[in-house]
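S.K.: Take this structure first; my questions come after.
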Amino acid sequence: MGVMLVVDRRVLRILALRALTLSFTLIIVVLITSIILTGTGYDTVILNSIIQTEIQALSQELRARNPPPPPEEVERVLKERREELIRLYGLDKPVYYRVLDNFLRTLTLNLEAISDDVAQVAGVRPPLPVGHAIAIVLPRTIIMITIAYIISSVIAILLGPFIAYRRGSLLDKGIITYAAFTNALPIWWIAMISIFVFGFYLRVAPSSYREVIKYVSSLGDSLTILLRGDLSAFSSILVNLRDLIYYSYLPITVVTFATLGGLIYSARAVAIRVVTEDYVVAARAKGLPERAVLRRYIIRVIAGPILTFVILGLAFSIGGFIITESVFDWPGMGFLFYAAISVGDSPTVLGLVYVTTLVYVIARFVLEVIYVILDPRVRL
Amino acid sequence: MSKRGLRDSLVRGLIASLHSTLTEVGRSSLGKIALALVLFFIVVSIYALIALPRDIADRWNNIVSTPWIYYPKGAPPTWIKYFGYDEVDSMIAPLQSPERYIVVTEAHIQSNLPEYVKAIGVKGLKPVGYVEKYIVEYEHRSSKAPNDIILAFEPRPMSDLQGKTLVNIIFLIERPDGRVIEVLEEPPIPLTRLTPESPLKASDNKYCRVFLSDYEREFNITGVPAEDLCRLSIKAFFGSPKVVEGSLHFDTLKGRYKFILIVAYSIPGLRPDDVRAEIVRGNIGFKGMNLIVVGTVFGLLGTDLYGRDLTLGILFGFPVAIAIGFMAAVISVLIGLVVGVISGYYGGRVDEVIQRFIDLLNSIPILPILILIGYIVQDPKSPVFVSSGWGRLLLIITLIAILGWGGLAIVVRSMALSIKSEQYVEAAKAIGASSTRIIFRHIVPQIVPYAVAVLVLSVPGAVLTEAALNIIGIRHGLPTWGLILSDAFSARGSAYWMWWWILPPGILLALLSFTFVALGFTLETMVEPRLRRR
């Protein structure tokens, strides 16, 4: 029986409607962020102080020249530069214009980080377009959080149905306790404790993780060389990989440890609902081999819900864990967001909110499409 | 039915359901544990509200305020002594009435009065004026020296005479080996300069000269730079020096010490007898004097790197955590309940709009938005700066609640939908019951038990979120568990061995979270079958 995808008009209309509402969601989230940053006037304060610093630096530079230019000349140059900067940052425009302008530029990611701190987190020199900054830090978040999440998901998907069969067993109880335990512990606290214990006390892991910038970027470089067909990069990849593992094993372990319980619990809950269904009992009663029951009656049904939380979780992980990354001093997406907020770098904040929400919205849409494929009822 | 009757029946229904809920929760063992823990949290919160000083929050934020400056810095809890660690207790000895006192004039000194030597009796010191001598006996049992000895003074209210009073303070230690070492001497200074915030510390480098001359005469140590002795002064007071390979060590003397404090009051132009009379009348002098032995351990939960008593901070965290959790939970559950019922009961376009709105709400990245707003309102440069810490905390709580009711509203809506189509509701409608009556009489009472379960379940969420915000620098000035953790986190390397700083706040956060999740879980399993029956 081949699955024939009858993509009729109705399905298309449902999907189009979903796409529309999801885009609307994205727009609203970015707009709210823009209003919080610019509409409140916070942005203006930050930009003014940046202009002030720059003008001061320029004035010092002019006065240090030999021979010093005449005071009127200095005044004129400073005034011109100030006006130029005001125009550059759009401070001569009314607030509503700037909110909209920021919003539109965010949608096309036509933004530039205004703070050196943000560039420092990325590990490059300013000027730094926000899209570029995100491209630099995203691999770091993927290495720490997405990989950990994938590990947890795989274990959860394998173990969830397995313990669903053994409800009430010692293993089941143990796993539920573990899930309850990790649910109650804040993940950043586990991170703090593990840095203190493994980083400072036992000294088997780094106590500062900022260095990881170097290894991620040189691993990227070696990979590019390898992709160009130069096999000599292979050994440097191995060396970089070893350093990277040294830096990332503790963060990955912590995130895996903290997310695993909840994921197994969800997978178990989904599976339990299905294994207790009458048709599964009936299938087993009529003597079908367990393997067949699992493949035909269980996996098919639980695939949908499990895909939902795995895909949404993956999309969520791209945004990074703001607090946990900050605790590890791990310069990923979450840490970039924190750095951008703490210095008031609104272009970076907007860019990050936009990209993470975009990924989430796309994941939601992908799920909608998958539902249409998996669940015949939607197509009826 | 009158409005009042409606309200009464609602309240009665609530109380009845609460009562039956509690008895049923008590039946499961998880429920029993959860209830006991809830009780624990509530009792400790109430105790904290009663017992803690009103200004604890201000004091907590000011690390150079009393009493923190009297406490050891980064000291572990006292009870580690019972695990075999050799530590020195902290001790505060109030100095109430002098052991001896004597009135001394220059003339007395000239004639080398025998009573004077007898009264003050140490080392030929000759303070002039009205002289008091205090003695504190101290039994030292540890092979470690204390961290410091602090003399804290609290002068009486300012007056003309008080402003003119001079005090000359001498502090000596009589050791178990019979040696007497002069630790510090303050030449006559204005009495009002001695405040609780500026106590005299035995470890202060400026007294080094005072004790060095004594010490070097007593012990005759050579080949060690004087700075070493000054740096180790407290150890020197409590031990016998020995030089091992060019560096200085001390063997702490155990046994009975006597701390001797001599305070000489004088007022230029006033006879010492009259000075004494003024002091006895309570016009001038000190309201209180304390001798503080700064130990190496402190209290139930130790101190942080700045000497703050963690017991107080942790204790204050109880009511704040409970308040944050419940406020956020109550607000969000109320919104979720109202919106969900409206959405489910009225249906149609209202329902559609509400559902789309909830969809939107659930897609908003909550933590980033909270951090963003938290930062903007606490930056003094910002145009929307909220100066009051309470104001910022309330704002955060409200935001947590406002962004968090979506999930409940969806469930409440589906419950309202199913209840709406029940026959008795149809019947009530047929006999002309108003929508208000149907909602409050038939729908809400059935949803309330579920809403209560959700309320209890969502208490820890807000507390953990708030603690997380503290970690990355969003502050409101109230000592919370999150704030304590965030201070420890900012100290990084210096805090890694201070487990008493990092473990208790985190464990309490986890315990609070466990408590309410366990209670909520019990409530939910209790409520669920009832829901299914309907």
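S.K.: Restrict the check to the stretch B:280-295 and report whether at least one residue is in a helix (DSSP H, G or I) and over 24 Å from B:Lys81 (Cβ atoms).
M.R.: Kept after step one, since they are in a helix (DSSP H, G or I), are these residues of the stretch B:280-295: B:280.
Applying the additional criterion that residues be over 24 Å from B:Lys81 (Cβ atoms) yields B:280.
Scanning the stretch B:280-295 turns up at least one residue that is in a helix (DSSP H, G or I) and over 24 Å from B:Lys81 (Cβ atoms).
S.K.: Among the candidates A:Arg9, A:Arg87, which residue alone is under 30 Å from A:Glu368 (Cα atoms) and more than 14 Å from chain B (Cβ to nearest Cβ)? Let's see the steps before the verdict.
M.R.: Values: A:Arg87 fails: under 30 Å from A:Glu368 (Cα atoms).
Of the residues listed, the single one that is under 30 Å from A:Glu368 (Cα atoms) and more than 14 Å from chain B (Cβ to nearest Cβ) is A:Arg9.
S.K.: Determine whether the stretch A:29-45 contains at least one residue that is exposed (fewer than 15 other Cβ atoms within 10 Å of the Cβ) and either hydrophobic (A, V, I, L, M, F, W, C) or modelled with pLDDT of 90 or more (or both). Break it down stepwise before answering.
M.R.: Going through the stretch A:29-45, the residues exposed (fewer than 15 other Cβ atoms within 10 Å of the Cβ) turn out to be A:41.
From what's left, either hydrophobic (A, V, I, L, M, F, W, C) or modelled with pLDDT of 90 or more (or both): none.
Within the stretch A:29-45, none of the residues are exposed (fewer than 15 other Cβ atoms within 10 Å of the Cβ) and either hydrophobic (A, V, I, L, M, F, W, C) or modelled with pLDDT of 90 or more (or both).
S.K.: When the residues of the stretch B:370-390 are filtered to those that are part of a loop (DSSP other than H, G, I, E, B) and polar (S, T, N, Q), which remaining residue is farthest from the other protein chains (Cβ to nearest Cβ)?
M.R.: B:Ser388
Rundown of residues vs (1) farther than 30 Å from A:Glu277 by Cα; (2) within 14 Å of chain B (Cβ to nearest Cβ), yes/no style:
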residue: A:Val137; (1), (2): yes, no
residue: A:Ser153; (1), (2): no, no
residue: A:Phe162; (1), (2): no, no
residue: A:Leu170; (1), (2): no, no
residue: A:Ala184; (1), (2): yes, yes
residue: A:Ser194; (1), (2): yes, yes
residue: A:Tyr201; (1), (2): yes, yes
residue: A:Pro206; (1), (2): yes, yes
residue: A:Tyr215; (1), (2): yes, no
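S.K.: Which residue is farthest from A:Arg295 (Cα to Cα), if the candidates are limited to the stretch A:172-182 and must be within 12 Å of another protein chain (Cβ to nearest Cβ) and among the hydrophobic types (A, V, I, L, M, F, W, C)?
M.R.: A:Phe181
S.K.: Here's a follow-up. Given (1) under 23 Å from A:Val124 (Cβ atoms); (2) assigned to a helix (DSSP H, G or I); (3) more than 9 Å from every other protein chain (Cβ to nearest Cβ), identify the lone condition not met by A:Val349.
M.R.: Failing condition for A:Val349: (3).
S.K.: Taking the stretch A:6-48 only, how many residues are more than 26 Å from B:Ser363 (Cα to Cα) and within 30 Å of the chain's Cα centre (by Cα)?
M.R.: 4
S.K.: Restricting the search to the stretch A:311-333, which residues are more than 14 Å from the chain's Cα centre (by Cα) and β-branched (Val, Ile, Thr)?
M.R.: A:Val327
S.K.: Something else about it: Starting from residues that are in contact with a Lys or Arg (Cβ under 9 Å, 6 or more places away or on another chain) and of a type in the set (A, V, I, L, M, F, W, C), keep the ones in the stretch A:302-335 and report whichever is surrounded by the fewest Cβ atoms within 10 Å (Cβ to Cβ).
M.R.: Of the stretch A:302-335, the ones in contact with a Lys or Arg (Cβ under 9 Å, 6 or more places away or on another chain) are A:302, A:305, A:311-312, A:315, A:320, A:325, A:329-333, A:335.
Next, from what is left, pick out any that are of a type in the set (A, V, I, L, M, F, W, C): A:302, A:311-312, A:315, A:330, A:333, A:335.
Values: A:Ile302: 21, A:Ile311: 17, A:Leu312: 15, A:Ala315: 21, A:Trp330: 27, A:Met333: 28, A:Phe335: 28.
Selected residue: A:Leu312.
S.K.: Also, quick follow-up: Tell me, which helices (runs of 4 or more DSSP H) lie completely within the stretch B:28-116 with 3 or more residues that are more than 21 Å from B:Pro199 (Cα to Cα) and of a type outside the set (Phe, Trp, Tyr)?
M.R.: B:29-51, B:106-110
S.K.: Moving on. Can you find, within the stretch B:488-507, the residue that is farthest from B:Val44 (Cα to Cα) among those that are more than 7 Å from every other protein chain (Cβ to nearest Cβ) and buried (at least 20 other Cβ atoms within 10 Å of the Cβ)?
M.R.: Once the filter is applied, the top-ranked residue is B:Ala495.
S.K.: Please specify each residue of the stretch B:187-226 satisfying the condition of being modelled with pLDDT under 85, of a type in the set (Gly, Ala, Ser) and in a loop (DSSP other than H, G, I, E, B).
M.R.: Hit for the stretch B:187-226 is B:Gly223, nothing else.
S.K.: Let me confirm something: among B:Leu184, B:Leu229, B:Leu248, which residue is without any contact (Cβ under 8 Å) to a residue 60 or more places away in the chain, over 19 Å from B:Met289 (Cβ atoms) and assigned to a strand (DSSP E or B)?
M.R.: Going through B:Leu184, B:Leu229, B:Leu248 in turn, the sole match is B:Leu248.
S.K.: Right, next: Looking only at residues that are under 23 Å from B:Val280 (Cα atoms) and aromatic (Phe, Trp, Tyr) in the stretch B:95-143, which one is modelled with the lowest pLDDT?
M.R.: Checked the stretch B:95-143; the qualifying residue modelled with the lowest pLDDT is B:Tyr116.
S.K.: Scan the stretch B:397-421 for residues that are surrounded by 17 or more Cβ atoms within 10 Å (Cβ to Cβ) and within 14 Å of chain A (Cβ to nearest Cβ) and report the count.
M.R.: Going through the stretch B:397-421 one residue at a time, the tally reaches 3.
S.K.: On the basis of being crowded, with 16+ Cβ neighbours inside 10 Å, in contact with a Pro (Cβ under 6 Å, 6 or more places away or on another chain) and within 12 Å of chain A (Cβ to nearest Cβ), does B:Ile474 make the cut?
M.R.: Considered against the rule, which asks whether it is crowded, with 16+ Cβ neighbours inside 10 Å, in contact with a Pro (Cβ under 6 Å, 6 or more places away or on another chain) and within 12 Å of chain A (Cβ to nearest Cβ), B:Ile474 comes out as no.
S.K.: Considering only residues that are closer than 14 Å to A:Ser346 by Cα and either in contact (Cβ under 8 Å) with a residue 40 or more places away in the chain or surrounded by fewer than 14 Cβ atoms within 10 Å (Cβ to Cβ) (or both), which ones fall in the stretch A:80-90?
M.R.: Once the filter is applied, which keeps residues that are closer than 14 Å to A:Ser346 by Cα and either in contact (Cβ under 8 Å) with a residue 40 or more places away in the chain or surrounded by fewer than 14 Cβ atoms within 10 Å (Cβ to Cβ) (or both), the stretch A:80-90 yields only A:Tyr89.
S.K.: Hey, does the stretch B:161-180 have a residue that's out of contact with any strand residue (DSSP E or B) (no Cβ under 9 Å at 6 or more places or on another chain) and closer than 27 Å to B:Lys287 by Cβ?
M.R.: Yes, that holds for at least one residue.
S.K.: Collect the residues in the stretch B:351-368 that are surrounded by 15 or more Cβ atoms within 10 Å (Cβ to Cβ), in a helix (DSSP H, G or I) and facing chain A (nearest Cβ under 7 Å), keeping them in residue-number order.
M.R.: Selection gives B:Asp359, B:Leu360, B:Ser363, B:Leu367, B:Pro368.
S.K.: Name every residue in the stretch A:285-332 that is within 14 Å of chain B (Cβ to nearest Cβ) and over 30 Å from A:Met192 (Cβ atoms), in order of residue number.
M.R.: A:Thr308
S.K.: Sticking with this one: Do you know which residues across the stretch A:278-292 are under 42 Å from the mean Cα position of the chain (by Cα) and loosely packed, with under 15 Cβ neighbours inside 10 Å?
M.R.: Across the stretch A:278-292, the qualifying residues are A:Asp278, A:Tyr279, A:Val281, A:Glu290, A:Arg291, A:Ala292.
The values are calculated or read from the model by the stated rules, or taken from the named source; none is laboratory data. Remember, predicted model here, so these are calculated numbers, not experimental data. Cβ sites come from the backbone with ideal geometry, for glycine too, and all protein chains shown count toward neighbours.
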